[in-house]
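Inspection log for the structure reproduced underneath, given as structure tokens.
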Amino acid sequence: MTRTDYLAALEKYLKTLPEADYKEAMDYFTEYFEDAGSENEALVIKELGDPRDAAEEIIRSLSVHSTEEINSDNPAKQPSPNIHPSQYASDTYIFEDYSTVSELHIDVSTKDIQIEPSPDAFFHIKYYNGKSSNQLSSIVRDKKWYITEKGAANSSGLNWIINVMKNGFDNHPICIQIPNGKILQSFSLQATSGDVAVSHLQTQKGTIELSSGDLTMRHCHLQQTNVTLISGDIHLAHVKLTDCKLSLVSGDFDTHSLEIAGKTSIQTTSGDVTLHLLHHDFSYDIETVHGDISISDQLQPSHQIVGNTIHHKVSNSTDSLAIQAVSGDINLY
């Protein structure tokens, strides 16, 4: 089954929806395929599942959502507010402060995320809890900070589509502040859709998994961290990577003043890789299937070219960088 076949089947099965819901559903499915790219068409179809089942789930979910909206119009059925003592609210914005955190774990769906230095010695978070059923939860247990969405639908493409249709895109970012110079023992971030902007983050180990959206990092030091982005661009400025692995399926990867330490690797499927390196005293292996490789004069004198692979060995350094690309140009300078 191709993308065209899948969308045609959905069009047939979703015809029972009201015209507005039908059009919205088809738009989301079409954009989901477009964001993933033609090279991931088969994976998207497998992820979404049988088109008849997907259509039935959309219809069922929207029907339940309509009933919930009708009931929510009755004030007598609304629970009274229950704000945790550590919280204070402004309208529907929640502000929380924490004194001691050693780990940070974030698991959300369609939200933008901003991580920046704190103005003091405390950890801060500001987030918005409106009428969406996906309410945010921020809890610290044993110095481990968990930021999650209750009812977040980020397990599959179909759940993501249903979630956005029911709740819309959340334009209110999660704003997190970490004391300057604080090194997190562990950091994890999972998000289905939304841009992530990070400044002055230091980690000992971590994982970053994003489905769709851009990742921007400035003045950060990541150690033993795996970064995976399916669709979107990665921008790094004044970032040090130590024993890290970065994987990008569709999108461009560019850096300014990148520092490499330990064994770090970059893998891309579709998109250009442009690296401005802070120093050049490390070994590197560069391999591409389709695309050109451009290396500055500072790197050229001692590298060896074998087919589509370039090797450069620095005998007095244990630091190394491996770049593997399927389609796209690679530029090092």
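Extension gain for THR30-ALA121 works out to 28.1 nm (0.36 nm per residue, less the C-alpha to C-alpha distance). Cross-link pairs exceeding 19 Å between alpha carbons, from the set LYS143/LYS240; LYS144/LYS263; LYS182/LYS245; LYS126/LYS205; LYS182/LYS205; LYS182/LYS240: LYS143/LYS240; LYS144/LYS263; LYS182/LYS245; LYS126/LYS205. With the convex hull drawn around the C-alpha atoms of the stretch 207-284, the volume per residue stands at 71 Å³.
No lab work stands behind these numbers, since they all come straight from the coordinates. All figures in this text were calculated on a predicted structure; none of them were measured in a lab.
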